[in-house]
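Asks: Structure below; questions to follow.
FYI, it's all coordinate maths here, none of it is from the lab. What you see is a predicted model; the values in this text were computed from it and never measured. No Cβ is skipped: glycine too gets one built from the backbone with ideal geometry, and neighbour counts run over all protein chains shown.
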Amino acid sequence: MELFEKINLLLQEKKLSKKEFANRIRALEPKLNSTQEIPSEKSIYAYLNGTIGIKIELIPYIAEVLGVPEQLFFDDSARTRKIYLKHIINTISSEEKEYIKSNLCRESDKNQEINRDKFHTIQDLLIYAPDIFLKELESTLKNYKDLTMKFSKK
């Protein structure tokens, strides 16, 4: 898939018109290396239609407008994402760590509310489970707890 096609798919996903996209790009005032000028609306439309190639210096601006990482335009495979995550882990700042913690905790809190409802339903059904199943369940839950504790300490 060509870069302009990926961008057009993202525009559809984000329900963003080409005109609005062009306006947002131009508002960021990216300057092309060749002309030192902001690309015209007509040029941006040509990029989006694949008529002319997208200038590499516009990629960060396009990513910002679409709210996606620049890497997404080149390779979004699981292998590449893993490499990128390893890089982030190795170079993470304390501010970035706090951002991740705050977002993971929020998601975890949502899951806790859902889990409490499920917990009561499961608890009511456990009286029907055989002992061998209960022992295996207890072991599995302890393993999950150990994993959770291990990752939450990092």
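Asks: Quick one: longest stretch of the chain between exposed loop GluC sites (Glu not before Pro), exposed meaning at most 11 other C-beta atoms within 10 Å and loop per DSSP? Before the final figure, lay out the partial values.
Replies: Values: sites that count: 2, 37.
Counting at most 11 other Cβ atoms within 10 Å as exposed, the longest clean stretch of the chain is 38-154.
Asks: Still on this structure, please answer the following. Just name one of 77, 120, 134: the one whose Cα is farthest towards the positive end of the charge dipole of the chain (beta-carbon charges, Lys/Arg +1, Asp/Glu -1).
Replies: 77
Asks: Along region 136-144, what does the Karplus equation 6.51 cos²θ - 1.76 cosθ + 1.60 (θ = phi - 60°) give for ³J(HN,Hα), rounded to whole Hz, x for Gly and Pro?
Replies: 5, 4, 4, 4, 4, 5, 5, 4, 4
Asks: Next question, about the same structure. Expressed as an acute angle from 0 to 90° and rounded to the nearest 10, what is the orientation of the C-alpha long axis of helix 94-125 relative to the principal long axis of the chain?
Replies: Once rounded, one gets 40 degrees.
Asks: Further, regarding this structure: With a cut-off of 8 Å between alpha carbons and a minimum separation of six or more residues, what is the relative contact order of the chain in percent?
Replies: Details: 61 pairs, mean separation 27.3, N = 154.
Across the chain, relative contact order equals 18 percent.
Asks: For region 1-86, with only Lys/Arg (+1) and Asp/Glu (-1) charged at the beta-carbon, what is the dipole magnitude about the Cα centre, in debye rounded to 20? Please report the intermediate quantities before stating the final value.
Replies: Working: 14 positive and 12 negative charges, 43 e Å.
Computed about the Cα centre, the dipole is about 200 debye.
Asks: Take the alpha carbon atoms of the chain, find their radius of gyration, then divide it by 2.2 N^0.38 Å using N residues; give the quotient. Before the final figure, lay out the partial values.
Replies: Working: Rg = 23.8 Å, N = 154, 2.2 N^0.38 = 14.9 Å.
It is 1.59.
Asks: Set Lys and Arg Cβ to +1 and Asp and Glu Cβ to -1, take the dipole of the chain about its Cα centre, and tell me which of 22, 48, 151 lies farthest positive.
Replies: 151
Asks: Out of 126, 28, 85, any idea which swings most in a Gaussian network model of the chain, alpha carbons joined below 10 Å?
Replies: Residue with maximal mean-square fluctuation among 126, 28, 85: 126.
Asks: Also, I was wondering about something else. Treating the angle as unsigned and between 0 and 90°, give the value, to the nearest 10°, between the Cα long axis of helix 18-27 and the longest Cα principal axis of the chain.
Replies: Tilt of helix 18-27: around 80 degrees.
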